[in-house]
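Colleague: One structure is given below, represented as structure tokens, and several questions about it will come after.
The values are calculated or read from the model by the stated rules, or taken from the named source; none is laboratory data. Since the model is a prediction, treat every value here as computed from it, not as a measurement. Cβ: placed from backbone, ideal geometry, glycine included. Neighbour counts: every protein chain shown.
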Amino acid sequence: MSTGCRGASAGALGAGAGEVLLSVRGLAVAYGGIRAVREVSFEVLRGEIVTLIGGNGAGKSSILRAVSGLVPREGQVVFDGRDLDRVPAHRIVALGIAHVPEGRGIFGNLTVEENLLLATWQRRFGRDRAARVVAPDLERVFAIFPRLRSACASRPARSRAASSRCWPSGAR
């Protein structure tokens, strides 16, 4: 996999730009005897947005599941200087990697606000501190998805609520 067009310049990305936040080297994923991903390598710089593009069955979801610790993998995944070998998925989330699966996995019986707050479960703090710590993250979500603020008490629209759920989790 080539790095292709990197998008914004490092200077446009802000403080810490140019630093490697995520490094994936020689990633391989197999399901039984079938190799879904072979020798994939890429880097994501701090503040950068990178997309994986490919046809159905190309391995995009398998790569993301492997980085998130959801499936066994070969190769090296380093996030913010920490090797993620043998780090369980729930710890990877706490480190700042969020994964929004293709099915969008929201809870339709919860309000938009409840779905957003659900993303903060791994932060483990009391209610008083939660409101103080989570509030700036929710404001960042509302700045990116302005219609969510007015929809907080309603049942979620699947794509908006699902994609915004990664932000309050502390994802970087």
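Colleague: Could you grab me the full set of residues in segment 47-70 that are β-branched (Val, Ile, Thr), more than 11 Å from residue 27 (Cβ to Cβ) and touching a strand residue (DSSP E or B) at 6+ places or on another chain (Cβ under 9 Å)?
Modeller: If the condition is that a residue be β-branched (Val, Ile, Thr), more than 11 Å from residue 27 (Cβ to Cβ) and touching a strand residue (DSSP E or B) at 6+ places or on another chain (Cβ under 9 Å), then 50 is the only one that fits.
Colleague: Consider residue 91 carefully, then state whether it is outside any helix (DSSP H, G or I), surrounded by fewer than 18 Cβ atoms within 10 Å (Cβ to Cβ) and of a type in the set (D, E, K, R).
Modeller: no
Colleague: Please go through segment 87-129 and pick out each residue that is among the charged types (D, E, K, R) and modelled with pLDDT of 75 or more.
Modeller: 91, 113, 114
Colleague: Residue pairs, Cβ under 6 Å, 6 or more apart or interchain, first in segment 93-112 and at positive phi and of a type in the set (Gly, Ala, Ser), second at pLDDT below 80 and not in a helix (DSSP H, G or I). List them.
Modeller: From residues that are at positive phi and of a type in the set (Gly, Ala, Ser), the pairs are 96/170; 96/171; 96/172.
Colleague: Pairs under 8 Å by beta carbon, first residue part of a loop (DSSP other than H, G, I, E, B) in segment 143-154, partner of a type in the set (Asp, Glu), six or more apart or different chains?
Modeller: Partner pairs satisfying both residue conditions: 152/113; 153/113.
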